[in-house]
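Undergrad: Got a structure for you, questions after.
Just so it is clear, none of the values below were taken in a lab; they were calculated from the coordinates. For clarity, every value in this text was computed on a predicted model and none was experimentally measured. So basically every Cβ, Gly included, is an ideal-geometry build from the backbone, and we count neighbours across all protein chains shown.
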Amino acid sequence: MSKAKSSTIVSVQGLAAAGLVSSTEAAALVAVEKNFSTRLTPEVLGQMDSYAPQDPIFRQYVPAMEELAFAADEISDPIGDMPHQKCKGIVHRYPDRLLLMPTHTCQVYCRFCFRRARVGQAEETLNRAELDAAIAYIASQPQVREVILSGGDPLVLSDRRIGDILRRLAAIAHIDVIRFHTRVPLVEPARITADFLKLLRLRSAVYIVLHVNHVRELTKPVRASLARMARAGIPLLSQTVLLKGVNDDATILEELFRCLVANRVKPYYLHHLDKAQGTSHFRVPIEEGQRIMRILRGRLSGLAQPTYVLDIPGGHGKVPIGPAYASGSAVDGYDIVDPQDQSHPYHD
């Protein structure tokens with residue numbers, strides 16, 4: 001199929017008009033769109049090599065009929081946000097940090113989203129009174145040192161709204177770190193302007209954590225946006241989701257993590273896919289994820305190594321699930337496996 005014109009696509013009919021799917025496919029995909037919105041930016045369209053399900057960028061954003069298949073163990077709130085929601089927009093799962101979600105709108109909608117049951121709903125965006133209540137909750141929790149702006153994607157908000165939120169958070173004495181979790185620099189790099197970067201000059205340290213799954217997402221405009229943030233002194237980290245048919249290959253992830261480090265982004269987490277409804281076609285077994293991580297340990301420096309993690313369903317927290325390299329005990333000694341999968345005895 002020919003390349004689509006450079007305009008944002010917001011429906012399955014738009015996908016058909018742009019040539020990403022046939023009109024027959026679009027008619028069938030209307031049922032999928034009832035469960036979860038469609039949105040692709042011109043930047044995302046340009047990252048695709050082909051308009052086909054085997055393309056790793058296409059696969060992440062274009063709806064598929066497999067999304068209508070709900071596995072028995074898939075749930076609408078896979079990481080347990082709701083049991084830890086203290087007021088609208090606040091999820092407080094860990095003692096020293098919490099999520100502030102001012103919006104549930106995104107610039108793009110990833111087909112494997114773990115918040116797909118809520119993301120894309122305009123009514124979830126906080127109004128002034130709701131934001132006041134959320135900020136008041138944060139101020140009442142002196143043990144909280146870090147606020148994570150998530151959603152949705154906080155960078156869909158205007159500079160005015162982001163600036164207001166940042167100033168109010170930085171005015172709370174116990175908030176040392178403010179963290180953005182965002183896809184926007186990868187899908188709309190022009191959003192990272194000098195005016196936006198000025199907003200990040202706060203008493204509190206500001207970190208930006210980027211969601212990126214494939215090296216092809218790191219286009220020239222995207223790398224330029226990363227450079228603008230790095231030059232402004234913003235620490236950059238990345239989160240990647242292990243996805244079947246996208247990046248479940250050590251060579252693909254090696255290339256991604258090398259490119260991130262070269263662009264001053266520290267790979268932070270490799271997420272095992274959460275059990276959101278309609279996402280089983282993306283799922284990679286933990287054993288395969290561990291095998292990939294073993295290979296990467298032998299190829300990449302520690303600077304380029306993310307932690308392979310699982311968010312335990314039900315809201316029980318995030319834990320490392322990477323391969324083990326030591327077994328045994330202090331009494332009998334340990335067996336240590338090196339990156340080449342060779343065993344070595346070790347005694348304390």
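Undergrad: What's the extension gain from residue 27 to residue 342 if we count 0.36 nm per residue and subtract their Cα-Cα distance?
TA: Full-extension gain reported as 108.0 nm.
Undergrad: Beyond a 32 Å Cα-Cα separation, which of these cross-linked pairs lie in this structure: 34/220; 34/88; 86/244; 88/198; 198/275?
TA: Working: 34/220 35 Å; 34/88 24 Å; 86/244 34 Å; 88/198 28 Å; 198/275 38 Å.
The pairs that break the limit, which is 32 Å between Cα atoms, are 34/220; 86/244; 198/275.
Undergrad: Please work out how much length the chain gains when fully extended from residue 87 to residue 128, using 0.36 nm per residue of separation minus the C-alpha to C-alpha distance, in nm with one decimal. Walk me through the numbers before you get to the answer.
TA: Numbers: separation 41, 0.36 × 41 = 14.76 nm, distance 1.36 nm.
Difference between extended and current length: 13.4 nm.
Undergrad: With labels modelled as points extended 7 Å from the Cα through the Cβ direction, what inter-label distance (nm, one decimal) is found for residue 251 paired with residue 301?
TA: 2.4 nm
Undergrad: Please say if the chain is rounded, prolate or oblate, where rounded means a/c under 1.5 for a ≥ b ≥ c the square roots of the C-alpha gyration tensor eigenvalues, and otherwise the choice is prolate for a/b larger than b/c and oblate otherwise? Present the calculation step by step, with values, prior to reporting the outcome.
TA: Values: a/c = 1.45, a/b = 1.09, b/c = 1.32.
Rounded, since a/c falls under 1.5.
Undergrad: A follow-up question, please. For segment 103-201, rounded, prolate or oblate, judged on the Cα gyration tensor with a ≥ b ≥ c (square roots of eigenvalues), a/c < 1.5 rounded, else prolate if a/b > b/c? Don't skip to the answer; put the middle values down first.
TA: Working: a/c = 1.81, a/b = 1.28, b/c = 1.41.
Judged from the Cα gyration tensor, segment 103-201 comes out oblate (a/c at least 1.5, b/c at or above a/b).
Undergrad: Residues in segment 8-38 near a label at residue 50, defined as backbone nitrogen under 15 Å from the 7 Å Cα→Cβ point?
TA: 20-21
Undergrad: Now for a separate question. Within a Cβ distance under 14 Å of residue 197, other residues only, what is the Lys/Arg minus Asp/Glu net charge?
TA: +3
Undergrad: Using 0.36 nm times the number of residues separating residue 65 and residue 232, minus their current alpha carbon distance, what extension gain do you get? Provide the component values of the computation, followed by the final result.
TA: Working: separation 167, 0.36 × 167 = 60.12 nm, distance 4.28 nm.
Roughly 55.8 nm would be gained on extension.
Undergrad: Hey, can you grab everything whose amide H is under 5 Å from the amide H of residue 87? Only 5+ residues off in sequence or another chain; H modelled, so Pro and N-termini drop out.
TA: none
Undergrad: Need one number: the % of Cα-Cα pairs in segment 183-239 sitting beyond the 13 Å mark. Mind showing how you got there, number by number?
TA: Details: 927 of 1596 pairs.
So the pairs more than 13 Å apart make up 58 percent of the total in segment 183-239.
Undergrad: Hey, another quick one. In Å and whole numbers, how far do the C-alpha atoms of segment 47-102 stretch along each principal axis, longest first?
TA: 44, 31, 17
Undergrad: For segment 266-301 and segment 117-154, what is the centre-to-centre distance using only Cα atoms, to the nearest Å?
TA: 29 Å
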